[in-house]
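The values are calculated or read from the model by the stated rules, or taken from the named source; none is laboratory data. Predicted, not measured: the structure shown is a model, and the values here were computed from it. Methodologically, a virtual Cβ is constructed for each residue, glycine included, from the backbone with ideal geometry; neighbour enumeration extends over all protein chains shown. For the accessible areas, the whole protein counts, side chains as well, though only heavy atoms, and no ligand, DNA or RNA atoms are used. Shrake-Rupley method; radii C 1.70, N 1.55, O 1.52, S 1.80 Å.
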Amino acid sequence: MKSIITYFLLLAVLAAHGQDRYEAAMQQQVRLLDSAGTFNPASLKALGNTFERIAEAEKTQWLPYYYAAYCLVNEAFMTEDKTKVDPIADKASLMAEKAVALKGEDSELSCLLSLIAVSRIAVDPMTRGAKYGAESAELLDKAKQQNPGNPRVYLLAGQNLMFTPEAFGGSKTKGKELLNVALQKFSAFKPESSISPRWGEAYTKELLKMP
């Protein structure tokens, strides 16, 4: 009996040690996302690859896939060669869907999928704007229903309004109203853990400075 108890205690210690290593690795990579120097296509690609390796090693954790997709979608936004945007967005979608398979329906993931939809518009705004704009808006409505307190819902909705031409329903005034709501939500928002999504507050403030 004693040997069985010892065995299960050893398993618990090993599991805790593995979790600690995972948390430490994730914290190190997530911190890089707070660095302005990371936000260029090459650095985001490298960081996304690191998150993907962590995800494939862990198998059951959704956050590495989430961050891999987040890095990829930002890389897509910064890619000047528009012929390369769809392949990057496709991989971002794949990573996001793997996160959904592990986590289930979630406000943060709906926001991420909305952002991926927007990234595809830049390839050809005139022909893609209506389709992917509507898809993005539907996903943000879903994200809001899933968690009305998620500030990224209002950030992304406000950003979409600000950068959509008025002829197609955009409005800088209404966009900034939503960005101010986002700031209020950020002030009350409490991430679930030290590696949970928390991005967006500084960017919201930058958007509000725009004329």
Over the stretch 42-70, the set of residues open to solvent by less than 50 Å² (accessible area, probe 1.4 Å) and either farther than 20 Å from GLU192 by Cβ or of a type in the set (D, E, K, R) (or both) is SER43, LEU44, LEU47, GLY48, THR50, GLU52
Where a residue in the stretch 31-47 is of a type in the set (A, V, I, L, M) and its partner, wherever it lies, is modelled with pLDDT of 95 or more, with Cβ under 6 Å and at least six apart: LEU32/LEU47; LEU44/CYS71; LEU44/ASN74; LEU44/GLU75; LEU47/CYS71
Just to check your reading of the model, which residue among PRO191, PRO211 is open to solvent by less than 90 Å² (accessible area, probe 1.4 Å) and either of a type outside the set (Gly, Ala, Ser) or touching a strand residue (DSSP E or B) at 6+ places or on another chain (Cβ under 9 Å) (or both)? PRO191
Filtering the stretch 71-97 for residues that are in contact with a Phe, Trp or Tyr (Cβ under 9 Å, 6 or more places away or on another chain) and of a type in the set (Gly, Ala, Ser) leaves a count of 2
Where residues in the stretch 71-110 are among the charged types (D, E, K, R) and not in a helix (DSSP H, G or I), which of them is least open to solvent (accessible area, probe 1.4 Å)? ASP106
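Okay, residues lined up against (1) more than 16 Å from the chain's Cα centre (by Cα); (2) within 22 Å of ASN160 (Cα to Cα):
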| position | (1), (2) |
| --- | --- |
| THR38 | no, no |
| LYS45 | no, no |
| ILE54 | yes, no |
| TYR66 | no, yes |
| VAL73 | no, yes |
| SER93 | no, yes |
| THR127 | yes, yes |
| LYS144 | no, yes |
Identify the residue in the stretch 117-144 that is touching a residue at least 24 places away in the same chain (Cβ under 8 Å) and over 23 Å from LYS91 (Cβ atoms) and, among all such residues, is surrounded by the most Cβ atoms within 10 Å (Cβ to Cβ). LYS144
Cβ-Cβ below 7 Å, separation at least six or inter-chain, first residue in the stretch 63-80 and free of Cβ contacts under 8 Å to residues at least 60 places away in the same chain and farther than 15 Å from CYS111 by Cβ, second among the polar types (S, T, N, Q) and in a helix (DSSP H, G or I): which pairs? ALA76/SER119
Could you check the stretch 145-159 and list, in sequence order, the residues that are open to solvent by less than 40 Å² (accessible area, probe 1.4 Å) and either of a type outside the set (A, V, I, L, M) or free of Cβ contacts under 8 Å to residues at least 24 places away in the same chain (or both)? GLY149, ASN150, PRO151, ARG152, TYR154, ALA157, GLY158, GLN159
Name the pairs whose Cβ atoms lie under 6 Å apart, with the first residue in the stretch 167-181 and within 18 Å of VAL118 (Cβ to Cβ), the second among the β-branched types (Val, Ile, Thr) and assigned to a helix (DSSP H, G or I), and 6 or more positions between them or separate chains? LEU179/THR204
The lone exception for SER114 - which of (1) within 16 Å of the chain's Cα centre (by Cα); (2) touching a residue at least 24 places away in the same chain (Cβ under 8 Å); (3) open to solvent by 30 Å² or more (accessible area, probe 1.4 Å) it fails: (3)
Given PHE186, PHE163, which one is more than 28 Å from GLY104 (Cα to Cα), out of contact with any strand residue (DSSP E or B) (no Cβ under 8 Å at 6 or more places or on another chain) and surrounded by 12 or more Cβ atoms within 10 Å (Cβ to Cβ)? PHE163
